[in-house]
Structure formats: C-alpha cells, structure tokens
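Here is the structure we will look at, set down as structure tokens.
The values are calculated or read from the model by the stated rules, or taken from the named source; none is laboratory data. None of these values were measured; they are calculated from a predicted model. Backbone-built Cβ (ideal geometry, glycine too); neighbour counts: all protein chains shown.
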Amino acid sequence: MLLTLIPLFDENIAVSAYSVFTQKDNMFLNPLGQVTSIYDGATYVQGIEAVNTMGIETLSGNKMVFVPVTNVSVFSNIEEQCKVPHVRVALLIDRTVPPVDSYVNRLKELKAAGFKIAIRKIAVSEFQVYAPILELVDFVFLNNKKIAIDKAKVFFSKLYPSAKLIAGNIDTMETFEGLKATGGYHFFEGEFYRLPVTKGSKEIAPSKITQLELLRMVNNPDFELNEAADIIGRDTALTISLLQMVNRVVKTAEITTIRHAAAMLGQRELKKWINTAVVNEISSDQPNEITRLTLLRARFAEDIAGFFDLKMQSEELFLMGLFSMLDVILDKPMNEAIEMIQVSKDIKAALVAKDGKFAPVLDFILAYEQADWSEVSRVMLLKNIDANKIYEAYLDTLGWYRKTIIGS
C-alpha cells in the first residue's frame, strides 16, 4: 500500500483541499495491484487511517479531504472508522460503484452521517445512466484530458447545479488559466502545480536574521547550549515555543530560565527542535502548505533512511527534508539560501546540485509526494523495499506531524 495527499487549489492557486492518492502495491512486481493482505481495502477505507493519524485539525481553514472508496469498502463501517468530523471528509467513488438501489441507498446513509460524496472517472456517455447517484453527489471530478470538460460543465450546471465541479489532470499553467477564465470550477488539480524553485533576492527581516543565526549555530558539530538559549531569548515566539516543548516532554519540570529550559532538552533534542521550530517561524508568512511539506519531508526522510542504507545519517536526512524549501521560504535561489545556514556537504549537494548520496532519498520523497507511483515502484524494486513498510513510515510521519503541530 502506498498513499499520499495531493493538494487541490482554487482560482488563486491557494491550497484549498486535499485528495488521497493511493497505489495498492508495487506496480512492477504486481502490475494489476492485486493484493490479499489487510491493505486490500475490503474491510476498511484506504485513506481514512491516514486522515485519522494526521488529524483533520492539522489542516487549517476547514480544508476538506477527498478519500477514495471502492465498490467493496463503501459497505464497510466507515461511520465508525472515521474519527474526524465527517463533514470534513468527501468519499470519492468512481464508475465501479454502479447506480443501483443497494449502492444508492448506501450513499444516502453516508450523506445522512455527515459525509460529502464525490465522483470521478465517469464518461460523458454514462452521465444519464448515473443520474440516481449524480443527484446525491456534492463534488464531481472532471478529467481535463479524457472528456470534453467544457461540455461536461454545461451538463452539470443545467441538471445538477448544486454539484461543485473539480477540474483535474491539468498539466500546464496555460490550461489552468483557460479553465479559470471560463469559470464554473470550485477546485483544480494538476501536475503543473508545483511550488516555485527560485525567487528573486530580497532583504530579510531582523527577526529572520536572528533565527538564521540560531540555525547556523546549532548545526555546528559542537554548540553551546547557553549561547543558543540566549539567542532564543531574543525571539518571543521561539521562547514560547521552547517552553511549550519542554512542558510536553517534562511535565513536572518547573522552568526558571530559558537556559534551564534548553538544558532540560539537552543538546541533541534542542538542535532538532530548533531546526524544526525556526523553519516553522521563518515560513510563517508563507502559505501553510510550505510548512506542512517541509515538516513531512523531514520526518519521512528520517523514517526511510534505513531503506537507502543511510540509517546512521537519519538526522542529516531530517535536516535535508526540513531545508528542502528554504529557497521558497527565504525568497532566494537555493544556492544562496543554503549559504545562510550551516549544513553538511551531503545536504548541500542534494539540495543545490541534486547530487550525492542524499539525492536519491530526496528524489524518492518528491516522487512519493506527487503520487508518481511508477517512479516510486521502480525505486522500491531496485532497493527491495516493501511497499507496506513505506506506507507505515508515511503513517508515522503523519502522526509525528500531528504531535508537532498540535501537541497530541
């Protein structure tokens, strides 16, 4: 089982929802995706576990998550499986769910339980046949490459005006701009949507200079706890965050000073916390998606280090993932951004030159993030990596992210 979250965006290219993309197995070893393990989706909905682990509250602004259900799993006890508010989850069906009474009635039950219903992968010729289901759906995914999307939009606007349309499989900005100009789409999804790699240089605010100074210090082989604590004390947000972190780790401690708090964590944990907290702080004026991606990349890189024979360098891989969008955060090209902090030559080679022994890990994470299952499967085959182990690592990543963001 492989699973990731793909962002859906609005007309302003702001992330507004997420869709769970799954792949049952390594497509090179099992091209038909036929598995018989607990991951086959027969008794539970793939994606619900991930949403439960991640916590819907980690998605700001009441963002929804679209979770695929099969013609089998739709009859599982989704109502009890889903531990997050049902209204934030849209169950995504396709043409394998037939428009017959048993399925229509089940979809009605799920809507009554608070879930939204979405549909995808139905041909224009099937629209009339699917009328009993289309009357229930809240969202319709329209594949820009496989159907006449403009005609489909007219059809739904006339017969099912309450259904929100999602234009999917958009591969260029030009196509997106064209669809946006015609109007009528609630969300968009497409491979073209990537966060920018480089930006023009600009001055950095004083608080960010302090935070970058802290990054440079703690990424030296030996740094002084007291010096780090003194720099933290210059930044109110970091001070509050540090005290909250120590309180979660040592609940009975009575912290008297910032130096005391730093000592309670110790050098190793303080370094890890500083790297995570500072990246979060300096990206606070950026879209929330950037913070989410950097934290997920960091933990995922750490978790899968052993699969790439880099277990002993898992902490470095954490930093590589954490700094993988430093160019976007600092609004500078990566080669300039990375010079503003102190990192190892292996991290620098991966982020700047896309080279070195860490680069394959970063490439794998980016492919996984974008649901490029063909590339992910190729790497897993070469490295003899079990797909279910990757899925477990991703679930661990989501759980860690939840604890980092909301502390539970």
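Please tell me if Ile117 is touching an Asp or Glu at 6+ places or on another chain (Cβ under 8 Å) and part of a strand (DSSP E or B).
Values: touching an Asp or Glu at 6+ places or on another chain (Cβ under 8 Å): yes; part of a strand (DSSP E or B): yes.
Against the criterion (touching an Asp or Glu at 6+ places or on another chain (Cβ under 8 Å) and part of a strand (DSSP E or B)), Ile117 qualifies.
Quick check on the stretch 312-321. Is at least one of its residues assigned to a loop (DSSP other than H, G, I, E, B) and under 26 Å from Glu227 (Cα atoms)?
no
Go through the stretch 303-335 and count every residue that is within 16 Å of Trp400 (Cβ to Cβ), in contact (Cβ under 8 Å) with a residue 60 or more places away in the chain and among the hydrophobic types (A, V, I, L, M, F, W, C).
2
Please go through the stretch 344-366 and pick out each residue that is within 20 Å of Asn219 (Cβ to Cβ), assigned to a loop (DSSP other than H, G, I, E, B) and out of contact with any Leu (no Cβ under 9 Å at 6 or more places or on another chain).
Gly356
Looking at (1) at pLDDT 90 or above; (2) assigned to a helix (DSSP H, G or I), which is the only condition Ser324 fails?
So Ser324 meets the others, but not (2).
Within the stretch 2-25, take every residue that is surrounded by fewer than 22 Cβ atoms within 10 Å (Cβ to Cβ) and assigned to a loop (DSSP other than H, G, I, E, B) and give me the one that is modelled with the lowest pLDDT.
Once the filter is applied, the top-ranked residue is Lys24.
Looking at Tyr160, is it modelled with pLDDT of 80 or more and touching a strand residue (DSSP E or B) at 6+ places or on another chain (Cβ under 8 Å)?
So Tyr160 passes the test.
Only one residue in Phe358, Phe323 is farther than 22 Å from Thr22 by Cβ and either surrounded by fewer than 21 Cβ atoms within 10 Å (Cβ to Cβ) or touching an Asp or Glu at 6+ places or on another chain (Cβ under 8 Å) (or both). Which one?
Going through Phe358, Phe323 in turn, just one is farther than 22 Å from Thr22 by Cβ and either surrounded by fewer than 21 Cβ atoms within 10 Å (Cβ to Cβ) or touching an Asp or Glu at 6+ places or on another chain (Cβ under 8 Å) (or both): Phe358.
Counting just the residues of the stretch 157-186 that are of a type outside the set (Val, Ile, Thr), in contact with a Leu (Cβ under 7 Å, 6 or more places away or on another chain) and within 15 Å of Lys121 (Cα to Cα), which one comes out surrounded by the fewest Cβ atoms within 10 Å (Cβ to Cβ)?
Of everything passing the filter in the stretch 157-186, Leu165 is surrounded by the fewest Cβ atoms within 10 Å (Cβ to Cβ).
Need pairs with beta-carbon distance below 8 Å; first residue not assigned by TED's automatic domain parsing to the domain that holds Glu224 and within the stretch 240-265, second at pLDDT 70 or above and assigned to a helix (DSSP H, G or I); sequence gap 6+ or separate chains.
Filtered contacts from the stretch 240-265: no entries.
Answer yes if at least one residue in the stretch 332-350 is at pLDDT 95 or above and buried (at least 23 other Cβ atoms within 10 Å of the Cβ), and no otherwise.
So far as the stretch 332-350 goes, yes, one or more of its residues are at pLDDT 95 or above and buried (at least 23 other Cβ atoms within 10 Å of the Cβ).
Taking the conditions exactly as written (hydrophobic (A, V, I, L, M, F, W, C) and either in a helix (DSSP H, G or I) or surrounded by fewer than 18 Cβ atoms within 10 Å (Cβ to Cβ) (or both)), does Ala298 satisfy them or not?
Values: hydrophobic (A, V, I, L, M, F, W, C): yes; either in a helix (DSSP H, G or I) or surrounded by fewer than 18 Cβ atoms within 10 Å (Cβ to Cβ) (or both): yes.
So Ala298 fits the description; yes.
Of everything in the stretch 267-290 that's assigned to a helix (DSSP H, G or I) and under 17 Å from the mean Cα position of the chain (by Cα), which residue is modelled with the highest pLDDT?
Thr276
Which condition does Val84 not pass, out of (1) more than 18 Å from Ile133 (Cβ to Cβ); (2) part of a strand (DSSP E or B), if it passes all the others?
(2)
Taking Val154, is it among the β-branched types (Val, Ile, Thr), touching a strand residue (DSSP E or B) at 6+ places or on another chain (Cβ under 9 Å), outside any loop (DSSP other than H, G, I, E, B) and without any contact (Cβ under 8 Å) to a residue 60 or more places away in the chain?
When the stated conditions are applied, Val154 does not pass them.
So Ile147 fits all but one of (1) touching a helix residue (DSSP H, G or I) at 6+ places or on another chain (Cβ under 9 Å); (2) assigned to a strand (DSSP E or B); (3) of a type in the set (Val, Ile, Thr); what number is the exception?
All conditions pass for Ile147, except number (2).
Identify, please: which residue in the stretch 361-378 is farther than 16 Å from Arg297 by Cα and crowded, with 21+ Cβ neighbours inside 10 Å and is, among those, farthest from the chain's Cα centre (by Cα)?
Ser377
Looking at the stretch 121-138, is at least one residue closer than 18 Å to Gly184 by Cα, within 23 Å of the chain's Cα centre (by Cα) and modelled with pLDDT of 95 or more?
no
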